[in-house]
Structures are given as C-alpha cells and as structure tokens.
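Worksheet for the structure shown next.
The values are calculated or read from the model by the stated rules, or taken from the named source; none is laboratory data. For clarity, every value in this text was computed on a predicted model and none was experimentally measured. Virtual Cβ from ideal backbone geometry, glycine too; neighbours counted across all protein chains shown. Just so you know, the surface numbers come from the protein's heavy atoms only, side chains and all, with ligands and any DNA or RNA stripped out. Shrake-Rupley method; radii C 1.70, N 1.55, O 1.52, S 1.80 Å.
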Amino acid sequence: MNIGILTGGGDCPGLNAVIRAVVRRGLHTGHVVTGFEQGWQGVYENRTVMLGRDEVAGILHRGGTILGTSRFNPFAKEGGEERIRRSLNDNAIDALIVVGGEDTLGVAQRLHEGGINVIGVPKTIDNDLNGTDVTFGFDTAINIAMEAIDRLHTTAESHHRVIVVEVMGRHSGWIAFYAGISGGADVILIPEHPFSIEKVCNALRRRHESGRTFSIVVVSEGAKFMTGEPGDQDGSYILSSMKKDAFGHVRLGGIGSMLAAEIEKRLDYETRATVLGHVQRGGTPTAADRMLGTRFGIAAVEFAEQEKFGFMVALQGNALVPVSISEAVGKLKTVPDDLYKIVESFVA
Ligand code: F6P
C-alpha cells in the first residue's frame, strides 16, 4: 500500500512518535509512506516528502512535528475538495492517516463521505475528542502545567500573593482540572461551569482568614464568568483577538488577568496572573505520550491494512479500538460532573 500521513491543527507533543511508528510499522510490512507537509495545506498544494527510516531517525523525543502543521481548511477554499482528491490520486495514496483534533478530523470525515480512504489518530493537548479515553499530548501538557503550578506556589508563598494561572482548554477544562488537582491549586475554574467571581472571592477570603497567606487559582482560557456577573461578556469567551481561523475559531486568552484584577480589587490581596500558553504545547513529550503516540501509529497502519476507513484509533481502557470519525467529532468530551466535584474537597 501507499500510505499517506498528515498532521493538522495545533501541534502537540507526541506527533513525531506517531509519524515514526507509522513509518516503522509501514516499512516493516512492505508499505510506502508519503508525508504531506503542513496539514491539509500540503495535500491541497501537493507538497510531499517520502518517509523512510532515515527521515524518522532521532525524532521520538522531539516536540512539534517533522511534517509541519496548519489550521488550513480545504473546504473553505473554492474547489478545495477537488484539489485534495487530485493530489491524493497523483501520489497514488491508498489510505491517508490523518493525525488531528476535531477540525482536522472533521475535514477527514467530510472527505470520507466523498469516498476518500481516511484513518484518524486523535491528537490534542486539550483532551476533548469524543470516543477516546485520552488523546496523546495531554499528559505532557498537564505535567508542564503542574510543574508551573509547583513553581508558582513557592513564589506566591514567599510574597503572600494570589497567583492566577491561565492554562489552555478552549471548550473543556481537562488541563485545568488535572494540573490543578495534581498541583494542589486552591480554586479551579473550567469552561464546563461558568463561575461566580463572588464565590471565588469568598473562597479565597475564607482561606486567607483561616491563616493561609497565599493562593493559587487555575483557570482554563475558555472559562466564562456567570451571566450577569461583572466580567461576563454576554456569555461569550474572553478573547485575545477577534481574528478567526479557517474553522471559525476566535483566539482565546485574557481571562487570567481579568480575574486577577477583579480579585485584587475586591479583596485587596496582591494578585498576579501568569499565562502558560504555548509552553504547554512545546518541547519534549512524556514517556506516556511517546508510548501512546507509538501505539496509535502502529494501530493506524493496521486499520489501513484492514480497510477500516472512516475510523479513528481510540484508547478505551487499555485497548485500542475503532471509533467512527463522525462519532469522534460529533460532540466534545468534557469533564464530567462526578469527576469535577472532587474540587469541592479542596476549595476553602
Ligand atoms: O490545540 C488546542 C489549542 O492548544 C487550544 O487549547 C488553544 O485554544 C488553541 O489550540 C490555540 O491555538 P493557536 O496555536 O492556533 O493559537
């Protein structure tokens, strides 16, 4: 078979582990592997690279993706689908492995409906893809965020300050929740539960009146103030830019400093905001993400051999199972209430 592979959307630690595993498993069973550069853009522009053993040597520990990535949407271009089809034909691709999150896999699903042979691999640090227990990249992101929270603890404690840490997580609070609980945060705010600034301040006041001299608040970039609260922007996200990407997403950011200002104003505790941003996405993947990326890559080649087109490799329990891409992108995987409620035990 001639197997194509692309990596799309925001980059993510573990992408190179997937590419390496696809190539190694592919070569082992006599396939040819063609990489497309910069996500869907590379298919649209017919930019390819042959992937052999040498091309994937020494990349396992590296962050980012050797293929490059983009948020390019062929369906937003005139004749985009036709160009994708032509490019795949020109390169005689039998199966295309698409490594991405909801947007990149959403494109794969539409192409699959048009008869293109796609296999999905779930990628996002946000961990919000449906049908899989976890996406690769999430483990690295939460470890980076946890370590940052550990570091912020010592400076917050020394200065008797409140520190608000803004982490990624557009629609779901997995990163804030996992990093916040493992980092011992005092308040954790996620998009799934719009928050009351009054309640946040009451919790911090109670904590400081009971003798604590500092606090750590972790907030997802996509968290929202409750409707009608000061800070509420008509129920919409706090944005760092109005610019939209090719999938119509605005750029989030700024809730951390907004929250910090509000806390300082109401409580008169010295407060600082830290935005972790892309630090969470860069750099070397954890062992768990290298392992998961490797397993996903090998399974994706097996899916291609078994002609499981239109399916994504998903982790359920410890098994890799096929989940239809339409199910994976059909809804978001959010933090369930019964899990989130453990934060109640740690709020002052
Ligand atoms: O990949 C997901 C994500 O990291 C989100 O958490 C975040 O909102 C977004 O990507 C940022 O995208 P960009 O790198 O395009 O600014």
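Can you spot a residue in the range 201-208 that is within 16 Å of the ligand (Cβ to nearest atom), surrounded by fewer than 16 Cβ atoms within 10 Å (Cβ to Cβ) and not in a loop (DSSP other than H, G, I, E, B)?
Within the range 201-208 (the criterion being within 16 Å of the ligand (Cβ to nearest atom), surrounded by fewer than 16 Cβ atoms within 10 Å (Cβ to Cβ) and not in a loop (DSSP other than H, G, I, E, B)), the answer is no, since none of the residues qualifies.
Please enumerate the residues belonging to the range 113-142 that are assigned to a helix (DSSP H, G or I) and open to solvent by less than 60 Å² (accessible area, probe 1.4 Å).
Going residue by residue through the range 113-142, those that are assigned to a helix (DSSP H, G or I) are 113, 138-142.
Phe138, Asp139, Thr140, Ala141, Ile142, listed by residue number.
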Exercise for review: Please enumerate the residues belonging to the range 94-147 that are in contact with a strand residue (DSSP E or B) (Cβ under 9 Å, 6 or more places away or on another chain) and of a type in the set (Gly, Ala, Ser).
Suggested key: Ala95, Gly100, Gly101, Gly106, Ala108, Gly120, Gly131, Gly137, Ala141, Ala145
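Filter the range 267-288 down to the residues that are surrounded by fewer than 17 Cβ atoms within 10 Å (Cβ to Cβ) and under 30 Å from Leu60 (Cβ atoms), then identify the one that is nearest to the ligand (Cβ to nearest atom).
First, pick out the residues of the range 267-288 that are surrounded by fewer than 17 Cβ atoms within 10 Å (Cβ to Cβ): 268, 270, 277-279, 282-284, 287-288.
From the residues that got through so far, the ones that are under 30 Å from Leu60 (Cβ atoms) too are 277-279, 282-284, 287-288.
Values: Gly277: 8, His278: 6, Val279: 11, Gly282: 10, Gly283: 14, Thr284: 17, Ala287: 21, Ala288: 18 Å.
The residue in question is His278.
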Check your understanding: If you go through the range 252-299, how many residues are farther than 30 Å from His160 by Cα and in contact with a Lys or Arg (Cβ under 6 Å, 6 or more places away or on another chain)?
Key -> 1
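Might you let me know whether the range 94-112 holds any residue that is of a type in the set (Ser, Thr, Tyr), buried (at least 20 other Cβ atoms within 10 Å of the Cβ) and within 16 Å of the ligand (Cβ to nearest atom)? Spell out how you get there, then give the answer.
Kept after step one, since they are of a type in the set (Ser, Thr, Tyr), are these residues of the range 94-112: 104.
Filter once more, so that each one left must be buried (at least 20 other Cβ atoms within 10 Å of the Cβ): 104.
Restricting the remaining residues to those that are within 16 Å of the ligand (Cβ to nearest atom) gives 104.
So far as the range 94-112 goes, yes, one or more of its residues are of a type in the set (Ser, Thr, Tyr), buried (at least 20 other Cβ atoms within 10 Å of the Cβ) and within 16 Å of the ligand (Cβ to nearest atom).
Is it fair to say Ser172 is of a type in the set (Ser, Thr, Tyr), closer than 20 Å to Asp338 by Cβ and surrounded by fewer than 18 Cβ atoms within 10 Å (Cβ to Cβ)? Break it down stepwise before answering.
Numbers: of a type in the set (Ser, Thr, Tyr): yes; closer than 20 Å to Asp338 by Cβ: yes; surrounded by fewer than 18 Cβ atoms within 10 Å (Cβ to Cβ): no.
When the stated conditions are applied, Ser172 does not pass them.
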Review point. Are there any pairs, at least 6 apart or on different chains, whose C-beta atoms fall under 7 Å, with the first in the range 134-146 and within 16 Å of Ile188 (Cα to Cα) and the second among the aromatic types (Phe, Trp, Tyr), and if so, which?
Key: Ile142/Tyr178
Check your understanding: Can you tell me which residues in the range 220-266 are basic (Lys, Arg) and surrounded by 14 or more Cβ atoms within 10 Å (Cβ to Cβ)?
Key -> Lys224, Arg251, Arg266
Practice item. Hey, can you tell me all the residues within the range 306-326 that are charged (D, E, K, R) and either in contact with a helix residue (DSSP H, G or I) (Cβ under 7 Å, 6 or more places away or on another chain) or open to solvent by 70 Å² or more (accessible area, probe 1.4 Å) (or both)? Key: Glu307
